Amino acid sequence: MKNYIALFIFFFCGMSAFAQPLNRATYASMVQTAEEQMEKKDYYQALVWYKQAYDESKDKDLLVIMADLSYMLRDYRYAERWYGRALKKSRKNSNPPVEKRFEYARSLKMNQKYDEAMEEFDKFISSTNDPIKKELAELEKVGCEYALVVKEDDQATLTHAGKKVNTKISEYSPFLTNDNQTLYFSSLNSDEVIELEEGDQESFAKIYKSTRSDKGWSEGEVLGENINRPGFYNTNVKLSSDEKRMFFTRSMTSGSILTESKIYMSESAGSAWGEPNELAGVNGEFIAKSPCIGELFGKEVLFFVSDMDGGEGGYDVYYATYKGGGQYGDPINLGPQINTVGDEDTPFYRDGVLYFSSNAHPGLGGYDVFMSNWNGIRWSKPQNMGKPFNSSVDDLYFMLDKEGYHGSLASNRIAEGARSLHSKTCCNDIYNVSLKKIEADLIALTYDLDTQEPLNNVTLEIYEITENGNKLLEKKTNANGNNFAYALELDKAYIITGFADNYSTDTATFSTVSLFDSKTFNEKLELKPGEIVEILRREEPFVLENILYDFNDDKILPTAEPDLEFIKGLMTRYPEMVIELSSHTDSRGTDAANKNLSQRRADSARRWLVREGIARNRIQTKGYGESQSQTIDAKANEKFPYLEVGQVLTEDFINTLSENEEQFEAAHQLNRRTEFKIIEGPTSIIIEEERLIQIGNRKVDGAEQKPTPKPKSKKQKRRGGGDSIINLPTYHLQKNDPPFEIHKLSSLYGKKDLKGLPIMHFENRVFDMGEVKKGELREHTFHYTNMGDTTLEIDLVQVCECTERDYSPIVVKPGEKGWIKVILDSNKAAEDQNFSDVDIYLKNIDPEIDAPIFERVKYTFRVVE
């Protein structure tokens, strides 16, 4: 607005030099009257007189003045008309004001003429020398492109709050109480233009409250003068979560320019509000407005908006930590992730999410509502909330009540019931926000696989799948029936496992990510009888029969991975479990060398598990060298009949086998083993035959015998199963396209029918960044093509704390390409961490499992000092 006033002074002072009226006296009197209205800050009447002067004279020099006034008064239809005429080059207008092309383009954008707006922004970018406005114009173009593809969110509804709270002049800062029955808001409470006379202390915005009934909101009840101080605009009202404190601002303006604003707080005194106090620490020789209570780093903070020096742009969002006794710490800027070179305003915080409005983050119109998640360390990239929360004009003051399904916002949009004094977009109205309540729950039924009879006395465990492993949520034995019910949270992935005495376990995986309607997940667990073969008990060693090693080597052989996956699965299932991994050698070599080698072998197995996400402090390693020879049990005897049960494989005994090289080497390799035992956590674990590693999958006489893959059952396929070895079909997008396979890091892995599904085909799913110096940033971009026959839409991309990510576009049509960029911050990588997964959730649903399609890429690295 400051720019507009300066512009008006320029035009008014120079009027006589360029005005060429048809009727000089009439024209001059009209312009003089317009200038008088400008001095009184009555911009509506000034515009009326300038229009009359233009109709009388057709003086093109008035076009920019009328356009600027229309733009300031948010009459974008006329702003577009006047700017368009002013910028049209002709014989009579040989030098159009090209610096106004930015406002012209924004007017087109707010009239939803996005293609034309982008053309004008391009023209402005090519002609301007203003770096800030050039940056803003680039962002506006991105917003136009977004506006052309964004779809209406059918999970949300906006309705006009009605005539009893909305007048023809703007309403501000709606705020719902926790019970959704009381609405606080600010209003001038008039359907007429208010002309402030000298000494008038009443014609200012006041804070009101309205109550809800079956007929809607009641007439607003004005709060007392202790809150609504005469002579000030009392606005931006917010309550604390316990509704015992009210925060608001008292402001002064000069015309439409905010010249003073300070934040106040009042505490409830029964049914009334006490005398407010100016907040110490957040007010100063600057504008402070739009207060909102939140939480950061476990402490209460006050979010607010200010134009204080040192910000990113015009108005920025700040926070100040509450110290107690009404005192706040120094304001801290939320930084460039939230704040831009433009203006950010009206923050609202709820459950780790910051909602705010911005006119510079790419949006549909002027101010759009955005949301950003706080992960305990930093804010996520702001996400535009799309339609219907945002329109082509200004949308501010978004908030949600305690439950999170009802809220409000203020907007000058063209909508049913909207009320405006002059143009259709001049003034804000309050709108009710309603979000569709989506609930999810689980019903698990357990059956005997053979008889299909309901199975009681089954222990059921439900886990949430997290980046740090599976988190046990509930454990229950269904002693009196086979029905297990559990209320689920949205946007999470789950595993449920059932196990019983003398039965195998069964597991089902499901997800509540991107649900569009309430849903009950009915999971049928089928346990096969008579398959228990082993119980792991604390402090009893369990031999990992496939973690064998070549002579004098500590490298993990390919055949070892199933055993390590087995351990990983147990430690994921039991997050409190701590194990000892012990390694043993044969008797060849010196004692010292063998002990060193066995320690390296145990450490090698631990490194594999740490790379797979198991915390290092949950795995203790011990190298025993050749000091503990293997004792033959029944399983080893079954595989090697020449080795009797109970036989200890000492060096002397093995030497008796030296005439048979195959038997001699097999005995030595049995000594070269890795064992684990539980030292903390569960006292016993039941392991069924399916999950035990077959002892025959070993390397004998230098020839590796690969395990025969077990075919995946139909039920396993339905639930996602594991990484079984199967024959993969190849696919072609078009007849002559090269074939490609579905990668095992995709949830589509193993599917034969991919019709109607998007396929993210990456050029490379795993990338090695190599050595990265501590403190260095390293980045990589994964490129992919949608090889499916339907449009792909990304819902969520998750990374670890050491990784920042960006991606584009969100929507990818068949045959089109996209990218996902990751940036590694080596300072934030955990000790021994040398890889990071990038998890991609699509909005597209796989109908076979009724869950979103999931994709994964990963990168590896080695942090060096």
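The values are calculated or read from the model by the stated rules, or taken from the named source; none is laboratory data. All values derive from a computational prediction rather than experimental measurement. A quick note on method: Cβ atoms are made from the backbone with ideal geometry, for glycine too, and the neighbour counts reach across all protein chains shown. The protein model used for the area step is the full one, side chains on, heavy atoms only, and it has no ligands, DNA or RNA in it. Shrake-Rupley method; radii C 1.70, N 1.55, O 1.52, S 1.80 Å.
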Original post:
Extension gain Thr128-Thr791, at 0.36 nm per residue separation less the Cα-Cα distance, in nm?
Top reply: 234.9 nm
**OP:** Tell me the GluC sites (Glu not before Pro) within the range 631-675 that lie in a loop according to DSSP and have at most 12 other beta-carbon atoms within 10 Å.
**Re:** Glu644, Glu659
Subject >> Most to least packed among 568-577, 360-369 [average Cβ atoms within 10 Å] >> reply: 360-369, 568-577
**OP:** Specify whether the C-alpha gyration tensor of the range 142-197 places it in the rounded, prolate or oblate class, a ≥ b ≥ c being the square roots of the eigenvalues: rounded for a/c under 1.5, otherwise prolate if a/b is larger than b/c and oblate if not.
**Re:** oblate
Original post:
Given that compact globular proteins tend to follow 2.2 N^0.38 Å, what is the ratio of the alpha-carbon Rg of the range 58-111 to that value?
Top reply: 1.02
Original post:
What FRET efficiency would be calculated for the residue pair Ile845, Met252, taking the C-beta separation as r and a Förster radius of 45 Å, to the nearest 0.05?
Top reply: 0.25
Original post:
Near Lys524, which aspartates and glutamates are there with a Cα under 16 Å away, not counting those fewer than 8 places off in the same chain?
Top reply: Asp441, Asp448, Asp450, Glu453, Glu461, Asp506, Glu848, Asp850
**OP:** Give the carbon-plus-sulfur fraction of the accessible surface of the range 350-496 in %, rounded to a whole number; probe 1.4 Å, heavy atoms of protein chains only.
**Re:** 46
**OP:** Project the alpha carbons of the range 744-811 onto their principal axes and report the range along each, largest first, in whole Å.
**Re:** 46, 23, 18
Original post:
Given a 1.4 Å probe and every protein chain left where it sits, what share in percent of the accessible area of the range 28-133 is carbon and sulfur?
Top reply: 43
**OP:** Of all alpha-carbon pairs in the range 64-154, indicate the percentage at a distance above 18 angstrom.
**Re:** 46
Subject >> Environment charge of Leu643, counting only residues whose C-beta is closer than 12 Å and scoring Lys/Arg +1, Asp/Glu -1 >> reply: -1
**OP:** Under 24 Å between C-alpha atoms is the cut-off here; go through the range 182-296 and count lysine pairs that meet it, provided they're at least eight residues apart or on different chains.
**Re:** 13
Original post:
Using bins 5 angstrom wide from zero, how does P(r) for the range 280-364 break down, in % of all Cα pairs?
Top reply: 3, 16, 28, 26, 18, 7, 2, 1, 0
**OP:** Based solely on C-alpha atoms, express the radius of gyration and the Dmax of the range 399-451 in angstrom.
**Re:** 22.5, 76
Original post:
Mind checking the dipole of the range 343-489: about its Cα centre, +1 per Lys or Arg Cβ, -1 per Asp or Glu Cβ, Debye to the nearest 20?
Top reply: 460
**OP:** Identify all lysines with a Cα-Cα distance to Lys773 below 21 Å; exclude those on the same chain that are fewer than 8 residues away in sequence.
**Re:** Lys821, Lys828, Lys858
Subject >> Ranked by how many other beta carbons lie within 10 Å on average, peptides 232-243, 803-814, 34-45 from highest >> reply: 232-243, 34-45, 803-814
Original post:
Glu680 to Asn95: extension gain in nm, 0.36 nm per residue of separation minus the Cα-Cα distance?
Top reply: 202.4 nm
Subject >> Among 107-118, 451-462, 140-151, the order from most to least packed when residues are scored by Cβ within 10 Å on average >> reply: 107-118, 140-151, 451-462
**OP:** Restrict the search to the range 327-407; then list the trypsin sites (Lys or Arg not before Pro) that DSSP places in a loop and that have at most 15 other Cβ atoms within 10 Å of their Cβ.
**Re:** Arg378, Lys402
Subject >> In Hz, Karplus ³J(HN,Hα) per residue of the range 565-574 (6.51, -1.76, 1.60; θ = phi - 60°; x = Gly, Pro) >> reply: 4, 4, 5, 4, x, 5, 6, 6, 5, 10
